[in-house]
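Have a look at the structure below before the remarks.
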Amino acid sequence: MEIDARGLSCPQPVIETRKAILSKVTSFSVLVDNIAAKENVTRYATVQHYDVVETTTEYGWKLDLEKR
Amino acid sequence: MNLSQEKKGLIVAGTITGIISVVLVLLGNPANMGFCIACFYRDIAGALSLHSAAVVQYARPEIIGLLLGSLFISIARKEFRPRGGSSPMIRFVISFFVMIGALVFLGCPFRMLLRLSGGDLNALVALAGFIAGIIAGVLLLNRGFTLGRSHTQSTVEGGAISGVFFALLLILLFIPSLLKFSTSGPGSMRAPVIISLAAGLIVGALAQRNRFCMAGGIRDLFLFRDSTLLLGSIMVLVAAFIMNLVTGNFHLGFTGQSVAHTDWLWNFLGMALVGYGSVLLGGCPLRQTILAGEGNSDSAMSVLGMVAGAAFAHNFGLASSAQGTTVGGRWATILGFVVITTIALVIIHTHKKEAVHGN
């Protein structure tokens, strides 16, 4: 599963991530294109016990989230 | 990402920001108004003759510094990203009403913290309103409210607002006769230009680095019980409180506060409107200013919306004063809730329909 949060204003990337986590998805990716979104999603996911692996792409970042 | 590193950054940035805010007051700014994003855009609107309230006219260098500080640090850190095209007109309208709400209360969220640090208990009432507004905004976001995606723009588009404020700085420094300057009232109370500018540059850079947001901290706390972002705001409050205490500027109470009124209902509702609009915009007035510096032309529209809102607020007698709120201001606050809620519900409804029809 992949959430495309590119171009969305704060805090929508986090809200989309939260919806995925609440629906008990244990492994998914979030595409973001600004640093605030990257940091907010990473912080939220970490608090929710997900490991976050960050890959730089040409548009921004791909965050791979995996339940610990 | 190292969580504790992020928290350390916010603690340092918040503390420095709180100290600078009180220093600006000691050097001439109005009490509890080292920074006030709303008041300062209002003063700038006055300096440019967009309104004619003689007591609030001054091209505040703090704002120019905030925007340019964000611009410079984002260029240096390769974070300057020209983006825009996410419902610019709706952002203009929401920001317009955010400014109305702020001028009914007499302060943006930043000044609300500074008023609180100076012992102004009216700000506590406003804080409750601000939180209520944020919760209402988050409910709409959870129901699918969105202003749509932004897209990459040209460097000219992303840098235009910085160009405008740089031009304003040049006019302030070299052809001040083009601008209006209050000779009495809050607009006449000002720290030296160079110090105000430097303060703005430093706080602008810190706020850019730490994604400082008065609405974001409270939002994160309620949405997912995370207090990281809130730490920055708390440190501003604590640092300014200690500075006020040490310098004899702490006066606890509701009455006799500087540039403030005691109409609790409208302090609550004014700031509720600010919180409501800020969450839907994706950031408080300070954050919008910082984002505009980073090249976000949607936030640049928010800045213009706030300037327009400030001009209207004073041209049509909507802004409060130390004497209290105005009838027009109360109606405009209610109108703000109605307009923003209508916009939000139409957007949510349209998205649901599109989802059903598979568009």
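The values are calculated or read from the model by the stated rules, or taken from the named source; none is laboratory data. Treat the numbers as computed from the prediction; the structure is a model and nothing was measured. Cβ atoms come from the backbone with ideal geometry, glycine included; neighbour counts cover every protein chain shown.
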Practice problem: Would you point out the residue of segment B:332-359, among those that are polar (S, T, N, Q) and at pLDDT 95 or above, that is surrounded by the most Cβ atoms within 10 Å (Cβ to Cβ)? | Solution: B:Thr333
Self-check item: Given (1) touching a Phe, Trp or Tyr at 6+ places or on another chain (Cβ under 6 Å); (2) farther than 16 Å from B:His151 by Cα; (3) of a type outside the set (Phe, Trp, Tyr), index of the condition A:Asp33 fails
Solution: (2)
Self-check item: Residue count, segment B:35-51 (criterion: assigned to a helix (DSSP H, G or I) and not aromatic (Phe, Trp, Tyr))
Solution: 9
Quiz item: Among B:Glu6, B:Glu79, B:Glu62, which is the only one that is modelled with pLDDT under 95 and either touching a His at 6+ places or on another chain (Cβ under 7 Å) or under 24 Å from B:Gly158 (Cβ atoms) (or both)?
Solution: B:Glu79
Quiz item: From the set of residues in segment B:201-256 that are touching a residue at least 24 places away in the same chain (Cβ under 8 Å) and hydroxyl-bearing (Ser, Thr, Tyr), which is farthest from B:Leu281 (Cα to Cα)?
Solution: B:Thr247
Quiz item: Restricting the search to segment B:124-159, which residues are closer than 30 Å to B:Gly248 by Cα and in contact (Cβ under 8 Å) with a residue 24 or more places away in the chain?
Solution: B:Val125, B:Ala126, B:Leu127, B:Ala128, B:Gly129, B:Phe130, B:Ile131
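Matching residues to (1) outside any helix (DSSP H, G or I); (2) closer than 26 Å to B:Gly336 by Cα:
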| residue | (1), (2) |
| --- | --- |
| B:Met33 | yes, yes |
| B:Ala53 | yes, yes |
| B:Ser70 | no, no |
| B:Glu79 | yes, no |
| B:Val98 | no, yes |
| B:Phe110 | no, yes |
| B:Leu116 | no, yes |
| B:Ala126 | no, yes |
Exercise. For A:Ala45, work out the one condition from (1) among the aliphatic types (A, V, I, L, M); (2) over 19 Å from B:Ser86 (Cα atoms); (3) more than 8 Å from the chain's Cα centre (by Cα) it doesn't fulfil.
Key: (3)
Quiz item: In segment B:208-251, what residues are among the acidic types (Asp, Glu) and either crowded, with 22+ Cβ neighbours inside 10 Å or away from chain A (no Cβ under 11 Å) (or both)?
Solution: B:Asp220
Exercise. Answer with yes or no whether B:Gly119 is at pLDDT 95 or above and in contact with a helix residue (DSSP H, G or I) (Cβ under 6 Å, 6 or more places away or on another chain).
Key: no
Quiz item: Looking at this structure, is B:Val303 of a type in the set (A, V, I, L, M) and either touching a strand residue (DSSP E or B) at 6+ places or on another chain (Cβ under 9 Å) or in contact (Cβ under 8 Å) with a residue 12 or more places away in the chain (or both)?
Solution: yes
Quiz item: What strands (runs of 3 or more DSSP E), lying completely within segment A:21-68, carry at least 3 residues that are within 12 Å of chain B (Cβ to nearest Cβ)?
Solution: A:50-56
Quiz item: Could you list, in sequence order, the residues of segment B:298-331 that are within 30 Å of A:Ala37 (Cβ to Cβ) and crowded, with 24+ Cβ neighbours inside 10 Å?
Solution: B:Asp298, B:Ser299, B:Ala300, B:Met301, B:Ser302, B:Val303, B:Gly305, B:Met306, B:Gly309, B:Ala310
Quiz item: With (1) out of contact with any Lys or Arg (no Cβ under 8 Å at 6 or more places or on another chain); (2) exposed (fewer than 14 other Cβ atoms within 10 Å of the Cβ); (3) modelled with pLDDT of 90 or more as the list, and A:Val52 as the residue in question, which single condition is left unmet?
Solution: (2)
Practice problem: Determine which member of the set B:Ser177, B:Ser162 is free of Cβ contacts under 8 Å to residues at least 12 places away in the same chain, assigned to a helix (DSSP H, G or I) and more than 13 Å from every other protein chain (Cβ to nearest Cβ). | Solution: B:Ser177
Exercise. Please indicate, with yes or no, whether at least one residue in segment B:188-196 is without any contact (Cβ under 8 Å) to a residue 60 or more places away in the chain, farther than 23 Å from B:Ile16 by Cβ and either assigned to a helix (DSSP H, G or I) or within 12 Å of chain A (Cβ to nearest Cβ) (or both).
Key: no
Quiz item: If you take the residues in segment B:155-211 that are in contact with a helix residue (DSSP H, G or I) (Cβ under 7 Å, 6 or more places away or on another chain) and among the polar types (S, T, N, Q), which one is farthest from B:Val307 (Cα to Cα)?
Solution: B:Asn210
